[in-house]
Every structure is written in structure tokens, then in C-alpha cells.
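The values are calculated or read from the model by the stated rules, or taken from the named source; none is laboratory data. From a predicted model like this one, the values you see are computed outputs, not experimental measurements. Here the Cβ is made from the backbone with ideal geometry for all residues, glycine too, and neighbour counts use every protein chain on show. Each accessible area value is taken on the protein alone, full model and side chains, heavy atoms only, with ligands, DNA and RNA left out. Shrake-Rupley method; radii C 1.70, N 1.55, O 1.52, S 1.80 Å.
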Amino acid sequence: MDISPLQKARYEYQPKLPGMLRNGVAEICVKEGAETASVADQDKIKALFPNTYGKKEITFEKGTNTSVAKKQVVGVILSGGQAPGGHNVITGLYDALKAADKSNVLLGFKGGPDGLLKNDFVEFDDDFIDSYRNTGGFDIIGSGRTKLETEEQFAIVTENAKKNGLTAIVIIGGDDSNTNAATLAEYMAANNTGVQVIGCPKTIDGDLKNEDIEASFGFDTATKTYSEVIGNIERDANSAKKYWHFIKVMGRSASHVALECALETQPNICLIGEEVKAKNMSLAQITNYIADSVEKRAANGDNFGVAIIPEGIVEFVPEFSALIAEINELLAGEKTEAFNALPDWQAKYDFIKTGLSASAFAVFDLLPVGIQQQLFLERDPHGNVQVSLIESEKLFSELVKNELAKRKAAGTYKGKFSALHHFFGYEGRCAFPSNFDADYCYSLGYNAFMLIQYGYTGYLSKVSNISKSADEWVAGGMPITKMMNIERRNGADKPVIRKALVELDGKPFKYFEANRDKWAVETCFTYPGAIQYFGPSEVCDRTTVTLALEQG
Ligand code: FBP
């Protein structure tokens, strides 16, 4: 197969391991720390995880390996959305496993959790692994979003594990997948299957982090990829001086991606969903906030700008969430059919007007017709509005356009407003991992094997101190139950890993808040440029601004 020169060069890149893992698996010993407790709801979590709760945090150190030698047959899956570096978790795991004993086996289960349920796997060998080193994507074995959570599923996984002689399963996924890893680990322990379960923290959204996990992998590369293109757009905007660009960036719920891109590129506007919710901001308030920037810049002769909109924003606007809830009720069950049978949009509009409360209809009526129709077109399998499909970048640019028209009529705004729209998401999820993600992921995989070899289960592979150079990174593991609390999901109380939203008193947001008024009016754009893979360390190994600010 033909490959690009960069691909070839990346195959040969040797990812950096934390200093304490560099002498080879025979020279890694374990140091156990304090017993742990879950972040909240301790009694309930303890009762649900009697075999895996309260275990000790651990770190690895240089020293003689004291684990009991045993042939390992490890199964690995990728779970959820793609994130750059997933391949390197697998290559790190493979290298450690083979370094410990050439006869150890790594099986890659295909298509995410489904692979474990269908017993559909491939056995890795050197050639296979070598052709995926330091590359983006999850195509090595594919991924999937099936949740592994029922006893029935766990029984099938156990059966398949037995068939293949698995000693451990590694789940590479986000908060939900690792919640499932904890439940599977508990099931395996309770049933004395002898199968260990280890998780690895993945997601470009950056919302799987806490006092133990400093960052999920993929966030670094994805945000650098979006920031490169946002920077290019800013430079184009500053050259042509004729467009306002509304750029939506991925992040299903949390606004970490938007915030990091803003810290990297200093746009005029960046909305943060968590702030919108905390301040109970209405659509009109958000619209005015953006329109004020457009107006002030126009007064300076700058009829251009850049606004970053997080993908999950509309769910954070309280009045919009209330509207969505009413629409879901309005079209529940058979009512969808009756609605679809109405002859034209006017008839549907009248139906909506009668069906919604006055306050919900007032919000609905504010929306551009295109967005109004979107709310009724795209439904998920349960008949609910698919909020993630709403083109919020177009929603806000339309609302701003309408507001500016009013201001023009009132004589307060005299500029020109021409908007362009972009959505950056899939462009970043399979990029070649940055050196940071290549190193971090390889280390997470290598470390996952060390946890297996030392007999741990229900642990998340943990590599910390990651804002420093790799030789100072600290490798270890943390019981997943430590990160769990009880939350209401689909009408029931469930033990889950707490999702990390943007903290409004955290350093990244505070830095943004302190600077954004200036950025809104002046042109302070910064241009991060493309990810550099080869060259000086300060250019190639630099991590995110978020992490640098969080870690001080
Ligand atoms: P994960 O939470 O599984 O890491 O996926 C995150 C994400 O990339 C979001 O940013 C985005 O909203 C979503 O996946 C898109 O999902 P899909 O790939 O199913 O379209």
C-alpha cells in the first residue's frame, strides 16, 4: 500500500514513556498508596461494588518487578467516538505485553463492545501493530457505542472470555465506557472469573478528567487541529475584512474544546455552555452579547470577526431546554403521526402554537424558520428532538443578523454584517496524534499492561504530571470507583463516573474571562499553525493551554 512520507516517518517515531517505565518491564515495581473512597455517595457505591471498592491508589517506580509470572491473553476494545492516539494505546499495550513474555497474546475485539459480545476479534502480531504506530483513527479494530451494562451482556462476555482464555480486558473509552468497565470488573470479580478489567481515559471532549486523571487522550490533538483551522480563518478574516465567521466545534455537552480553541486563537466571541446555564442566559441575551461585539467592531471599521460556538450550547440555554422538553411531549407517541400528516408548514406551525405554552412558544417564535423546522424534522429513535443536530452556528448568526437589523433601523449600528458558517468535529478526531497524544497514549497502554501484570482490576490506567516533560510523568492506576457517584439517568439512580464540565472558577475559564472583553472589540487573533511532529521540543511537545493553566 502507498503511504505518505509523514505516515512513514510516524511509523518510526518512538513514543516517550514516563521515566519510571523506561528500563523495561522487569525493572518496574509497584508502590501502593492510600485506600480510596468514591467522590460522593460512598455507602451506595460501596454497596454496589463490594469486590472492587476502596482499593488503593498505586504508582509504579523503578525497581525489581515482583509480580507473579503468568501467561497473559489480553482482549482490548475501542469504545465510543474516535480520538487521536487510540492506536497508540494498543501499540503500547502490545509492546509491554510482548516485552514481558513473547508468548503473551493481544486480541483486538472488533467494532467496540459488540466485538466482545459477538466474539469477533483479531490476534495482533508485529506486522499488524507496526502498520498502525502513531497513526490517527480507530480503524485498527473499529469502535462502537453499544453500552455494556446488563448482567446478560456480562455473562456473554464472560463466556467469550473463557473460550479465548482471556486473563484481562482493556476498555479504551470515555466516562460511560469506563463506568461500564467498573461494572464489568465488579461482575468478573464477584463471579471469580479470573478476568481483570482495566480502563483507559479517552475522549476529544475533555470531559473525563478529575483530580486523578489530568486529561483524556485525543483532546490535545483535536483542539490543536481545530485551532489551526480557526487561526487560518482568523487570518483570512483579518485579510479580507468582510466576513463574520460562526464556527461550531465538537463537544457533545461540555465546552472544554471551545474554551481551549479560544485560548489558542483569541477570537472575538466564544460561548461557554456552562456559563450560559449558570447565568440562566436567554437566547436574546446571548444574541445581544454577540451583536454588541459586532456593533463595537463595526464602529472601529472592523466589519469582520470570529465567534466560536460549542456543539452542546443549546442544551445549556434554560429556556431552550424547556422548549425542547415541551416539543418532546407535544409529539410523544402517536402524536408524531398526526403532526406529520398535516398538509404544510403553516398548518404545523398553528398546531405548534396551540400545543406549546406561551413562554415556550415565545422562544420558538424567536428562532429562524430553518431551525424551527429542524426541531420537527430530526428525531431520535425515542421520538426526541436530536439537539446535537441543531445548527447552532446558523441559529446564532441569524439571531444576530435580526438584532442588527433592528439596531440599524434605530440608527445605532451602521456596519455591514455578512456571516459564514463552519463546523469542526470529524476533521480532528482522526488526525495523526500530536507528540503529546502519541506519547501519552502509548504510556497509558504500556501502563495498562503493568496494572494487569500486577493483578489489579477495576482500575483506570493513570499517567499524571503530564504538563511536564515525559521523563517526569508519573505512571500508576486509580480504582474507577473512586471517580463515581450516583446520578439520575433515564429515570433511575445509576453509579457513574462524574462528567467534568468547564469549571467557572477554574483557571482556564478565569483567564478567558479576564481577556474576552478586549478580544471582543479589538483584533487580538493568534495563529497556532499546524501540529508539528518533528522539530524543537517547545514547538512539538507543547500541550494544551487548558492543561498548562490547570497545572499551574
Ligand atoms: P465520545 O464521548 O465517545 O468520546 O465522543 C465524543 C464525540 O466526538 C462528540 O464530540 C460528538 O458530539 C460525538 O462524539 C459525535 O458522535 P458520532 O461519532 O456518533 O457522530
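In region 323-344, of all residues being part of a loop (DSSP other than H, G, I, E, B) and hydrophobic (A, V, I, L, M, F, W, C), the one that is least open to solvent (accessible area, probe 1.4 Å) corresponds to 331.
Residue under question is residue 140, and the condition is that it be more than 16 Å from the ligand (Cβ to nearest atom), surrounded by fewer than 23 Cβ atoms within 10 Å (Cβ to Cβ) and under 13 Å from residue 77 (Cα atoms); does it hold? For residue 140, the condition - more than 16 Å from the ligand (Cβ to nearest atom), surrounded by fewer than 23 Cβ atoms within 10 Å (Cβ to Cβ) and under 13 Å from residue 77 (Cα atoms) - is met.
In summary, helices (runs of 4 or more DSSP H) completely within region 348-439 and bearing 1 or more residues that are away from the ligand (no atom under 16 Å from the Cβ), open to solvent by less than 50 Å² (accessible area, probe 1.4 Å) and among the β-branched types (Val, Ile, Thr) occur at 358-366, 369-377, 392-409. Considering region 180-210, and only residues there that are farther than 27 Å from residue 550 by Cα and within 16 Å of the ligand (Cβ to nearest atom), the residue that is most open to solvent (accessible area, probe 1.4 Å) turns out to be 180.
For region 217-255, filtered to residues that are open to solvent by 10 Å² or more (accessible area, probe 1.4 Å), in a helix (DSSP H, G or I) and under 30 Å from residue 173 (Cβ atoms), the residue that is farthest from the ligand (Cβ to nearest atom) is 228. Look at (1) within 30 Å of residue 23 (Cα to Cα); (2) open to solvent by 10 Å² or more (accessible area, probe 1.4 Å) and you find that residue 151 fails only one, number (1). Among the residues of region 64-78, just one is of a type in the set (Gly, Ala, Ser) and at pLDDT 95 or above, namely 75. Residues of region 146-178 that are within 16 Å of the ligand (Cβ to nearest atom) and within 14 Å of residue 198 (Cβ to Cβ): 171, 172, 173, 177, 178.
Can you find a residue in region 265-274 that is more than 24 Å from residue 412 (Cα to Cα) and of a type in the set (Ser, Thr, Tyr)? Within region 265-274 (the criterion being more than 24 Å from residue 412 (Cα to Cα) and of a type in the set (Ser, Thr, Tyr)), the answer is yes, since at least one residue qualifies. Residues that are under 14 Å from residue 397 (Cα atoms) and of a type in the set (A, V, I, L, M, F, W, C): does region 319-328 have at least one? For region 319-328, residues under 14 Å from residue 397 (Cα atoms) and of a type in the set (A, V, I, L, M, F, W, C): absent.
Which of (1) in a loop (DSSP other than H, G, I, E, B); (2) modelled with pLDDT of 95 or more; (3) open to solvent by 10 Å² or more (accessible area, probe 1.4 Å) does residue 59 not meet, given it meets every other one? If we test residue 59 against (1) in a loop (DSSP other than H, G, I, E, B); (2) modelled with pLDDT of 95 or more; (3) open to solvent by 10 Å² or more (accessible area, probe 1.4 Å), just (1) comes out false. Among the residues in region 465-482, are any open to solvent by 30 Å² or more (accessible area, probe 1.4 Å), of a type in the set (Val, Ile, Thr) and farther than 23 Å from residue 178 by Cβ? No, that holds for no residue. Scanning region 58-94 for residues that are hydrophobic (A, V, I, L, M, F, W, C), farther than 22 Å from residue 179 by Cα and touching a residue at least 40 places away in the same chain (Cβ under 8 Å) yields a count of 3. With the structure loaded, tell me whether residue 495 is on the phi < 0 side of the Ramachandran plot, of a type outside the set (Lys, Arg), open to solvent by 40 Å² or more (accessible area, probe 1.4 Å) and not in a helix (DSSP H, G or I) or whether it fails that test. No, not satisfied. Would you tally the residues in region 62-87 being open to solvent by 30 Å² or more (accessible area, probe 1.4 Å) and within 16 Å of the ligand (Cβ to nearest atom)? The qualifying residues number 1.
For region 304-313, state whether one or more residues are surrounded by fewer than 18 Cβ atoms within 10 Å (Cβ to Cβ) and of a type outside the set (Lys, Arg). Within region 304-313, none of the residues are surrounded by fewer than 18 Cβ atoms within 10 Å (Cβ to Cβ) and of a type outside the set (Lys, Arg). When residue 31 is tested against (1) open to solvent by 70 Å² or more (accessible area, probe 1.4 Å); (2) at pLDDT 95 or above; (3) not in a strand (DSSP E or B), only condition (3) is not met. Scan region 259-277 and give yes if some residue there is assigned to a strand (DSSP E or B), within 13 Å of the ligand (Cβ to nearest atom) and over 22 Å from residue 462 (Cα atoms), otherwise no. Among the residues of region 259-277, not one is assigned to a strand (DSSP E or B), within 13 Å of the ligand (Cβ to nearest atom) and over 22 Å from residue 462 (Cα atoms), which makes the answer no. With respect to being open to solvent by 50 Å² or more (accessible area, probe 1.4 Å), under 20 Å from residue 449 (Cβ atoms) and either more than 16 Å from the ligand (Cβ to nearest atom) or hydrophobic (A, V, I, L, M, F, W, C) (or both), residue 130 fits the description. Among the residues making up region 505-530, those that are basic (Lys, Arg) and open to solvent by 40 Å² or more (accessible area, probe 1.4 Å) are 507, 510, 518. All of (1) open to solvent by 10 Å² or more (accessible area, probe 1.4 Å); (2) aliphatic (A, V, I, L, M); (3) within 16 Å of the ligand (Cβ to nearest atom) hold for residue 47 with one exception: (3).
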